[in-house]
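Okay, so here's the structure we're looking at.
The values are calculated or read from the model by the stated rules, or taken from the named source; none is laboratory data. Bear in mind that the values here come from a model prediction, so they are computed numbers and not experimental data. For neighbour counting, all protein chains shown are included, and Cβ atoms are generated from backbone atoms with ideal geometry for every residue, glycine included.
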Amino acid sequence: MTITATPPGRSSTTRDTRRPSHLPAGTGLRAPGPGASKRQRRRADALQALVWLTAITGIAFMIQSGAFLNSGMWGWLAMISRALGIVAAVMMLAQLLLASRAPWIDRAIGHDKAIMLHTEYGVTSVVVMLLHIATVTVADSHVAGTNPASQLIAYWSYGWFLAWALVSLAATLVVLVTSFASARARIPYHKWHAIHLLSYISIALAVPHQFLQGETFRQMGVAWWFWFVLWAGSGAAFLYWRVVKPIAVNRRHHLSVSSVRRETDGSVTITLGGRGVRRIGVRSGQFLNVAFGRWAFMKEMHPYSLSAAPGDTLRITVKPLGDASSALARLKPGTAAWIEGPLGIFTHESRTGRDLLLVGAGIGVTPLRALLEDAPAWGAISVVVRGRSRAEVPLIDEIQHLASARGARYAELLGRRGATWGTTERPVSLVGTVARPKDTDLYICGPVEWGLQVEADARAAGIPDHAIHREEFAW
């Protein structure tokens, strides 16, 4: 693959180390070092270890409360059931925190990783919860001298908190079933999202019986306070970052549509304006959850990446692929907008090398265009755009102009899909074409399978795993 340098007369392999004129002072960006990614991985590992340490601590409190005093097989079964219940509850706590969109979680592991772990912990909590219910029902039915089915029904009469717990289980099972890939493929996003909100209701319904049933967290001792602080802290983080913060941001900035422009490829570029937009703190490469129109805060929100560096306005470019995205072309200036975010770590802050390689396909070029616009001048910049034709790639003229203005190397791969991530006429590989692979950060955005091909090629070329940043446009 040959990447031609533009414009003539400027070096494409060395860069001025001064801050570019369009990059505002005070961004806090520094030339990256190899320790940045290692710290991020350590924080991610620590976060996951903390979840299991919390579960172990809860089980230790259970044992201290006298769980071993029950002898015999049925006593052991009851103890195992209580331990499973604690593990399931900790998984719920983790779900709540990971879904809170707290910035420190985003910085530690990234939004995509947080959602992945949120899903994993969700599945784990359901499995462990089912085991908890099965074992406690069998143990209690033995003590009561009845069968497990009758005992399960009897729980409804044990108190409102156990009835709520059973409703929580039913709601969780609905969320689990609709989260399988086969089910998600058949359910429109807005319906799936509405169903998924049940998971937070189910978590809330499961909490009371943890304090009112059993002995471990019932008395207001150290164990009670330990459990209370966990739930209060997680709940407060969720409510603040998912409810209070978005309300405050939108009331303060009063965002609305400034302009709507249809691009030559059929996508729609929407510019949002408001009061003090810079203070929202959005960075290039990040995305926002956005809804438009009257009562926008009550509507379904969709994730959109910025397609230009943030300033006094925020700009997104959307490909019309469904009912919601197609309707955006009909928006009028002045239409109210409601946002959540910013979200994601697909930003310059994640860089660990001096050189920058941006590779995008189709609508995936939009966040790369924003990254290119305010890329700090640490080293060489290269841009590769992939599409069937120029007419099908949004903002391609803007990207080429920016590449020229930044002295970046620029290449277009246009045509039918081939065996590589290039085209049938122009198979490509990064092997042997990246000047300093160990000191290069690669940002990839485009279709999932194509992006995985680029990622594999980058590894073969010698670009380190921690320097490969890939964003997926999928729900």
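Checking 127, 136, 167 one by one, the residue that is over 24 Å from residue 197 (Cα atoms) and at pLDDT 90 or above is 136 and no other.
Results for (1) assigned to a strand (DSSP E or B); (2) of a type in the set (D, E, K, R), shown as yes or no for each residue.
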| position | (1), (2) |
| --- | --- |
| 321 | no, no |
| 327 | no, no |
| 340 | yes, yes |
| 345 | no, no |
| 359 | yes, no |
| 370 | no, no |
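The test for being outside the structural domain of residue 394 (by TED's automatic domain parsing) and more than 26 Å from the chain's Cα centre (by Cα) holds for residue 275. Could you tell me whether the range 146-159 includes any residue that is within 19 Å of residue 199 (Cβ to Cβ) and either within 29 Å of the chain's Cα centre (by Cα) or in a helix (DSSP H, G or I) (or both)? No, the range 146-159 contains no residue that is within 19 Å of residue 199 (Cβ to Cβ) and either within 29 Å of the chain's Cα centre (by Cα) or in a helix (DSSP H, G or I) (or both).
Close contacts from the range 192-220, counting a first residue that is in the same structural domain as residue 156 (by TED's automatic domain parsing) and a second that is among the basic types (Lys, Arg), with Cβ to Cβ under 7 Å and a gap of 6+ residues or different chains, come to 192/184; 211/218; 212/218; 214/82; 216/82. Taking first residues from the range 107-122 that are farther than 15 Å from residue 176 by Cα and partners that are of a type in the set (Gly, Ala, Ser) and part of a helix (DSSP H, G or I), the Cβ contacts under 7 Å between residues at least 6 apart in sequence or on separate chains come to 108/44; 109/44; 113/44.
Yes/no per residue for (1) in contact with a Ser or Thr (Cβ under 8 Å, 6 or more places away or on another chain); (2) assigned to a helix (DSSP H, G or I); (3) surrounded by 14 or more Cβ atoms within 10 Å (Cβ to Cβ); (4) not aromatic (Phe, Trp, Tyr):
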position: 112; (1), (2), (3), (4): no, yes, yes, yes
position: 171; (1), (2), (3), (4): yes, yes, yes, yes
position: 178; (1), (2), (3), (4): no, yes, yes, yes
position: 192; (1), (2), (3), (4): yes, yes, yes, no
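For the range 313-331, a residue qualifies if it is in contact with a strand residue (DSSP E or B) (Cβ under 7 Å, 6 or more places away or on another chain) and either at pLDDT 95 or above or of a type in the set (S, T, N, Q) (or both), and the qualifying residues are 313, 314, 315, 316, 317, 325. The set of residues in the range 86-120 being closer than 14 Å to residue 48 by Cα and basic (Lys, Arg) consists of 113 alone. When 269, 264 are checked against the criterion of being touching a Pro at 6+ places or on another chain (Cβ under 9 Å), polar (S, T, N, Q), closer than 25 Å to residue 390 by Cα and surrounded by fewer than 20 Cβ atoms within 10 Å (Cβ to Cβ), 264 stands alone in meeting it.
Any chance the range 78-96 includes a residue that's closer than 24 Å to residue 282 by Cβ, in contact (Cβ under 8 Å) with a residue 12 or more places away in the chain, assigned to a helix (DSSP H, G or I) and under 26 Å from the mean Cα position of the chain (by Cα)?
Step one: filter the range 78-96 for residues closer than 24 Å to residue 282 by Cβ, giving none.
No, the conditions are met nowhere in the range 78-96.
The set of residues in the range 261-276 that are more than 14 Å from residue 339 (Cβ to Cβ) and in a loop (DSSP other than H, G, I, E, B) comprises 263, 264, 265, 266, 267. Evaluating residue 465 against the criteria (1) within 21 Å of residue 285 (Cβ to Cβ); (2) surrounded by 20 or more Cβ atoms within 10 Å (Cβ to Cβ); (3) in contact with a Ser or Thr (Cβ under 9 Å, 6 or more places away or on another chain) leaves one unmet condition, (2). Taken over the range 404-427, residues that are buried (at least 20 other Cβ atoms within 10 Å of the Cβ) and closer than 15 Å to residue 450 by Cα amount to 3.
When you look at residue 182, is it in the same structural domain as residue 88 (by TED's automatic domain parsing), over 21 Å from residue 164 (Cβ atoms) and not charged (D, E, K, R), yes or no? Yes: the conditions hold for residue 182.
The set of residues in the range 347-357 being in a loop (DSSP other than H, G, I, E, B) and either among the hydrophobic types (A, V, I, L, M, F, W, C) or surrounded by fewer than 23 Cβ atoms within 10 Å (Cβ to Cβ) (or both) consists of 347, 352, 354.
Residue-level check: of (1) in contact (Cβ under 8 Å) with a residue 60 or more places away in the chain; (2) of a type outside the set (Ser, Thr, Tyr); (3) farther than 17 Å from residue 337 by Cα, residue 239 misses just (1).
For the range 372-394, residues that are closer than 16 Å to residue 406 by Cβ and either out of contact with any strand residue (DSSP E or B) (no Cβ under 7 Å at 6 or more places or on another chain) or not in a strand (DSSP E or B) (or both) total 9.
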